[in-house]
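The values are calculated or read from the model by the stated rules, or taken from the named source; none is laboratory data. Just so you know, these numbers come straight off a predicted model, no measurement behind them. All Cβ positions, glycine included, derive from the backbone under ideal geometry; neighbour counts span all protein chains shown. Quick note on the areas: whole protein, heavy atoms, side chains included, nothing else; ligands and nucleic acids left out. Shrake-Rupley method; radii C 1.70, N 1.55, O 1.52, S 1.80 Å.
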Amino acid sequence: IPYSVRVGTQGMSFKLGQSVEDMPQNPFRSACHKACFGPASGVAAPWTEFSVQFEDGTFQTYAAARQAFPADRSNLVGVRLIHVQENQVTRFDLGGAAAILSEKQKAGDVSDGFLVREAQNAGAKCVIKIGGGGSMLFCVPEPMQIPCLAITEEDGKRLLQALQGQNAFMASYVEHDLRKEVQKKRSEPGTVWVAIEGLHLDSVDMEHSLSRLIPRESTRLLVYEDYFDFFQQRKDQDEKLSPGQSKLRRILESAWKQLKRVGVADNPAQFGKFLGLAGQSCSFTVSYARFSPGSKGTTCSLLLSEVESLSSELGDLLQIQPRVVQAWFAHESVYLALMGNFTRIIEFAAPSLWNFLKCIQGEYFGWEADAWKIVKLFTACTGPVGLPTETWQWDDPTWCIVDEKNALGMVTKS
């Protein structure tokens, strides 16, 4: 888990509440949590819509999902649409246009952030991304500096068919804040809220995180491929990335064999995704815990709120604000939750990690995290078990804080 736990100098305090309105932060109203919500939050109505006017005078309206990263969406009306065939953005003059890209024509080792950056370099003002199948919409989570609107594959086919042989431009764009509807779904009978003061989660390697180590030539955002390339080139040369100094490196070492076996370790988009998310410098406070009756027992959700951006303190103006990292993390988690086989594997192989991820995203997407496993994560370990068997384990005593299991995979010591 790429966080360290810290208790405030004044200790911790708790206060029971009757509803989320009694809590110090209300994610269903606060601006800092707004970008964490979206189509996966459980409300059927569209969060974003735009309409297109075609040259023949006809109009079509599309439900969409916007990107997680902040970008200026105030002047999209009037932007012309260009279908970028095979996502070959360098072959088109995209000056001031909305580039239409396709998920199905994207290579498996290329990230959305990289494609959008290429479109931006070619002059695009925004991107319309056609999904790879299914009726669900997902916010585009990756780092990008221009708007990116996702639509379903079915709507994409409808748009491209209407666009054949004629020009078109965006006629309207609107966003809907549906968080009040989401709030109703998180307030079931039997729910208890506990306000928490003094409990903080800090990202690992705070002062020498991966994002701080990568040199910048401009103010452009790093994409997953940038994190991958830098880590591959510097992991055995930069002392700050060594297992002795980097918690992130030790986490990666603990899972390296599995990452290699499934092909993630050599995939710039997939491995770079983990490096990017875990390589930020952020500090969060746990505002409250919500306990609710679930389908398999008591569930727990923790609301994290940004404490501050460390960029001003450490003099790095290029660091991503914690609230943006939070939205980025939230919408990337949606993709993990919907990867059927992967989800089943992680539920079996790393139940504590998976429940933690569901727990900190529970308010946004209604996921049920096992409260017992969350309590276990925040319970002090009673002592190390076993001896290190790999080099990196000598640098990190927390490697051995795991359950002991028998040959059948049943926990014998927790």
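Criterion first (of a type in the set (A, V, I, L, M), farther than 30 Å from Ser187 by Cβ and loosely packed, with under 14 Cβ neighbours inside 10 Å) does Ala44 satisfy it?
So Ala44 fails the test.
Tell me which residues, restricted to the stretch 104-125, are surrounded by fewer than 18 Cβ atoms within 10 Å (Cβ to Cβ), under 18 Å from Gly156 (Cα atoms) and charged (D, E, K, R).
Result: Lys104, single match.
State which residue is nearest to Asp112 (Cα to Cα) when the search covers only the stretch 244-271 and only residues that are among the small types (Gly, Ala, Ser) and at pLDDT 90 or above.
For the stretch 244-271, the residue satisfying everything is Ala269.
Just checking, which of Tyr3, Tyr62 is at pLDDT 95 or above and under 26 Å from His331 (Cβ atoms)?
None of the other options fit; the residue is Tyr62.
So which residues in the stretch 228-285 are in contact (Cβ under 8 Å) with a residue 60 or more places away in the chain and small (Gly, Ala, Ser), if there are any at all?
Correct list: Gly244, Ser254, Ala269, Gly272, Gly276, Ala278, Gly279, Ser281, Ser283.
Exactly one of these conditions fails for Ser30: (1) over 15 Å from the mean Cα position of the chain (by Cα); (2) open to solvent by 40 Å² or more (accessible area, probe 1.4 Å). Give me its number.
The one condition Ser30 does not meet is (2).
Can you tell which of Arg158, Arg179 is of a type in the set (Lys, Arg) and either open to solvent by less than 30 Å² (accessible area, probe 1.4 Å) or modelled with pLDDT under 95 (or both)?
Step by step, each of Arg158, Arg179 is checked, and only Arg179 is of a type in the set (Lys, Arg) and either open to solvent by less than 30 Å² (accessible area, probe 1.4 Å) or modelled with pLDDT under 95 (or both).
Looking at the stretch 82-97, which of the residues that are buried (at least 17 other Cβ atoms within 10 Å of the Cβ) and over 17 Å from Gln161 (Cβ atoms) is nearest to the chain's Cα centre (by Cα)?
Taking the candidates together, the pick is Asn87.
Whether any residue in the stretch 200-217 is on the phi < 0 side of the Ramachandran plot, among the hydrophobic types (A, V, I, L, M, F, W, C) and open to solvent by 20 Å² or more (accessible area, probe 1.4 Å) is what I want to check.
yes
Could you list, in sequence order, the residues of the stretch 222-242 that are crowded, with 19+ Cβ neighbours inside 10 Å, of a type outside the set (Asp, Glu) and out of contact with any Gly (no Cβ under 6 Å at 6 or more places or on another chain)?
Across the stretch 222-242, the qualifying residues are Leu222, Phe230, Phe231, Leu241.
So is Lys15 more than 30 Å from Glu207 (Cα to Cα) and either in contact with a helix residue (DSSP H, G or I) (Cβ under 8 Å, 6 or more places away or on another chain) or not hydroxyl-bearing (Ser, Thr, Tyr) (or both) or not?
So Lys15 fits the description; yes.
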